[in-house]
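This report refers to the structure that appears directly beneath it.
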Amino acid sequence: MSYRAISRRRGSPHKRLKADTLRKISVAMLSFYKAIATRHGFAVQWSQAVVKGNLDRMKSLLCSVAPLAAKQGLGTNGIGYFISFLVQPPMLYYTNGTTIPPGTVQFTFEPRVHRAIARAVFPLYRELAHNQCFASALAKAINRRDQHAVTVMIRSLIPSSALKSVQIEDYGFALLFKYPFSKYPYRNLLIREFT
């Protein structure tokens, strides 16, 4: 398939990001991020399962705190995790997750960093879950590729100095975090999957 065909498909209006997609994913993920942020033991177990590629253990842990998210697709690359949500049958999926950028390191996923990120992003996902106006405004800004508006909206809820960049990516967003107690940057993603 040519680049032009891919570009045209990506821009098709029925596949653009909707506020309901942001809200659905945020509602499903909120209790997971809360558990990671507030429960050290849970975060350690999650990181161990991610690094080992133990999807059964990840699913079991996810089910114990976020049953809606556990019903979705789940993946790991040993340096992060990805939870996929079918938002428009038969083929439109969005993914939410956190990962170290590929090519940086292998089989590493630090619980301390993940907990810090979960604490940082929790207010954003809570706002998306409960504020239809905010979710709608963010979806519209992403669809029109208004990088400034997206950055301002997200940074208003994540004031952490560890948030190094906010990028519109694949009809969603990518948040890059770098903490002084880790050698590695991490990305929190809410992006569209392309199949």
Can you name the condition, by its number, that Asp20 falls short on among (1) under 21 Å from Pro111 (Cα atoms); (2) open to solvent by 40 Å² or more (accessible area, probe 1.4 Å)?
-> (1)
Pairs where the first residue, in region 82-104, is closer than 17 Å to Lys71 by Cβ and the second is among the polar types (S, T, N, Q) and assigned to a loop (DSSP other than H, G, I, E, B), C-beta under 6 Å, 6+ apart = Ile83/Gln72; Ser84/Gln72; Phe85/Gln72
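Report whether or not Val50 is open to solvent by 30 Å² or more (accessible area, probe 1.4 Å) and either in contact with a Gly (Cβ under 9 Å, 6 or more places away or on another chain) or not in a loop (DSSP other than H, G, I, E, B) (or both).
no
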Considering every residue within region 80-100, establish whether at least one is open to solvent by less than 50 Å² (accessible area, probe 1.4 Å), in a helix (DSSP H, G or I) and under 25 Å from Phe194 (Cα atoms).
-> no
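Just for strands (runs of 3 or more DSSP E) wholly inside region 118-195: which have at least 2 residues that are without any contact (Cβ under 8 Å) to a residue 40 or more places away in the chain and within 29 Å of Pro89 (Cα to Cα)?
It comes to 163-169, 172-177.
The values are calculated or read from the model by the stated rules, or taken from the named source; none is laboratory data. Computed from a prediction, not measured in an experiment: that's the story for all the values here. Virtual Cβ from ideal backbone geometry, glycine too; neighbours counted across all protein chains shown. Note: accessible area is taken over every heavy atom of the protein model, side chains too, but ligands, DNA and RNA are not part of it. Shrake-Rupley method; radii C 1.70, N 1.55, O 1.52, S 1.80 Å.
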